[in-house]
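The values are calculated or read from the model by the stated rules, or taken from the named source; none is laboratory data. All values reported here derive from a predicted model rather than from experimental measurement. Glycine gets a Cβ as well: all are built from the backbone with ideal geometry, and neighbour counts include every protein chain shown.
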Amino acid sequence: MTTNMFNTHAQSSKTLGRNPTPKVFNDTNELTTFIQRNLNNALDVNGETSYTNSFMIRITGNDLGFLFVPNLPVSYPLDSQLYMKIYAICSGILYPYKTLLPQTNAYFTPYDNDNPNLARAFFFPWVDGIPERLVIDNLDQFIRSQVTNTTIPIMANNISLNMNKVVHIAISGSSGSGKSQFTEYLIRCLHHSDKAIKLVLVDPKLSKIYKLGKELGIDVLSPKFGSNLNSFITEVNELLGKVINKIYERQQTLLTKPNTIFPKIYIVIDELLALVQGSSKQARETFAQLLGTIALLGRETNCSLILISQRFDAAAFGGNTAVREQINCACILGEINANTTQFLLPHTNVDSIVVPAGIGTGIIKFTDDNHNNRIIPLLTPTY
Ligand SMILES: Nc1ncnc2c1ncn2[C@@H]1O[C@H](COP(=O)(O)OP(=O)(O)OP(=O)(O)O)[C@@H](O)[C@H]1O
Ligand SMILES: [Mg+2]
C-alpha cells in the first residue's frame, strides 16, 4: 500500500541509536498498534478513533516513518494543527525507539489514489533510536581515522556533517553551554581534513580558540593587551576585506573556468556579540556589510563562515540579518525553547523535540547526504 516515494529514499534511512525497533516490537504490526492505541487515547478529535475507523496508522515499507491515514469523511480538519498535535503525542511515546524529525508544516503524501476516502496521508519521518554522544578517548587518533575532507562525525552511529553541503555554520547557546568546545572540535577536524584548507580564527575573548590557533599554528586574531574594542573590530574588518578580495578573485576565475573547485576558506568568529558590542556605529556597519558580502558570495567561491554567539539577533550581525538567511547549519546548545530558537529556527515548533540534558546538548539543523533538511537533538562530542 505504501507509495513508491518511500522506496526511492531507502538509502536515506539512518540508524541513530542502539535500540532498533524489533527488539521491543516484534514486528511493525506491534509498533503500529502501539502508536494507534496511544493516539486513540491522547488525540482529541471529536471522539473519533481508529476503532470507529476514522483513521489508521501504517509504517512505511522501509521504516522511514509512519503514516496517519484519515478515512473520510471525518469531522476534523486535515491541517497543520492536527499534524503538530499528532507529532507532539508521538514524539514522546516513541522515545527512545524512534526520533521523529520535526516539520514546519503538515507533510502530506498520497496514499491510496484509487479510493478518494483514503487518497491522502500525513507522513511522519523518523530515524531509528535516539542520538548518542561521541565519546572520544584519543582525539588525534580519532580524527586521523574518522575524519575525511568531506565528513566530520558529530554523533555516534554515523551522524556526520557533509562539509560539501554545509556552507555557513552558526552555533548559539548561553554562556557555558559548550559552544567553544564544539567549535574547537570542528576546527581540529577541518585543520586535519585537508591541507589546502585555510582557516582564519577570530577570538575577541582571547580564550579557547586563541589558544587552539596558537597550538595548531593557525592565524588567529585577538585583541592586543590594552587595545580598545573599536580598534579590534577594525582589524577584523581589514581581515574580512582581504577575504572578500579573494572572493572577487575567485569570481573572476569562475567567469573563464566555471568548474574550478577552490580550496575551502573558513572564517571562524567566536563571540560575535562581544565583537560588535562597544564598537562604534561606523565600524559596526562596515563589519555588517563585509560579513553580508561573504555570506552571500561564499557558497560559489568556497568561503564559509563559522559564527558563534550567545544570540543571533540583529545586533549580533551589526544589523545585517541577511547573513542569518545564508546559514544552512545551525546548532543551538543549552536550553531549547521558542525563545532560544527564535533567531536560528524561527518557523520550527521545538516544544516536542526530546532534548537530552547536560552540557553540550541541544539541537542541530543541517542538510544530510540525501539533501533532506534535518532537525535532530544534538550531543556534541566529548574528548
Ligand atoms: N561535549 C562536551 N563534553 C564534555 N564537556 C563539555 C562538552 N562541551 C562543553 N563541555 C565543558 O563545558 C565547559 C564550557 O564549555 P564552553 O567553554 O565551550 O562554553 P561556551 O558556550 O563557549 O561558553 P562562553 O559563552 O562562556 O564562551 C568546557 O570547558 C567543558 O569543560
Ligand atoms: Mg566560548
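Considering only residues in the range 162-194 that are among the polar types (S, T, N, Q) and farther than 20 Å from V147 by Cα, the one that is farthest from ligand 1 (Cβ to nearest atom) turns out to be S172. Annotation note: of I143, I159, I171, the sole residue that is among the hydrophobic types (A, V, I, L, M, F, W, C), at pLDDT below 90 and surrounded by 18 or more Cβ atoms within 10 Å (Cβ to Cβ) is I159. Scanning the range 322-380 for residues that are within 23 Å of I294 (Cα to Cα) and charged (D, E, K, R) turns up R324, E325, K365. List, please: which pairs have Cβ atoms under 8 Å, are six or more places apart or on different chains, and start with a residue in the range 194-211 that is among the small types (G, A, S) and end with one that is in a loop (DSSP other than H, G, I, E, B) and within 16 Å of ligand 2 (Cβ to nearest atom)? Final answer for the pair search is S207/D270.
Exactly one residue out of L199, L206 is among the hydrophobic types (A, V, I, L, M, F, W, C) and either in contact with a strand residue (DSSP E or B) (Cβ under 8 Å, 6 or more places away or on another chain) or outside the structural domain of I336 (by TED's automatic domain parsing) (or both): that is L199.
Those residues that are over 20 Å from A274 (Cβ atoms) and among the aromatic types (F, W, Y), I need them from the range 191-216; list them, please. Across the range 191-216, there are no qualifying residues. Residue-level analysis places T104 outside the set of residues that are surrounded by fewer than 21 Cβ atoms within 10 Å (Cβ to Cβ) and in contact with a helix residue (DSSP H, G or I) (Cβ under 7 Å, 6 or more places away or on another chain). When the residues of the range 350-377 are filtered to those that are part of a strand (DSSP E or B) and modelled with pLDDT under 80, the one that is surrounded by the fewest Cβ atoms within 10 Å (Cβ to Cβ) is N373.
When N373, N328 are checked against the criterion of being in contact (Cβ under 8 Å) with a residue 60 or more places away in the chain, closer than 23 Å to L134 by Cβ and among the polar types (S, T, N, Q), a single residue qualifies: N328.
For the range 22-49, taking the residues that are under 25 Å from G129 (Cβ atoms) and either touching a Phe, Trp or Tyr at 6+ places or on another chain (Cβ under 7 Å) or in a strand (DSSP E or B) (or both), the one that is modelled with the lowest pLDDT is identified as V24.
Checking each residue in the range 70-84 for being hydrophobic (A, V, I, L, M, F, W, C) and more than 12 Å from F122 (Cα to Cα) picks out L72, V74.
Kindly establish whether T256 is assigned by TED's automatic domain parsing to the domain that holds T150, within 29 Å of D194 (Cα to Cα), more than 16 Å from ligand 2 (Cβ to nearest atom) and under 24 Å from the mean Cα position of the chain (by Cα). Taking the combined requirement at face value, the residue does not satisfy it.
Just one of (1) closer than 26 Å to T151 by Cα; (2) within 16 Å of ligand 2 (Cβ to nearest atom); (3) surrounded by fewer than 22 Cβ atoms within 10 Å (Cβ to Cβ) fails for C331. It is (3).
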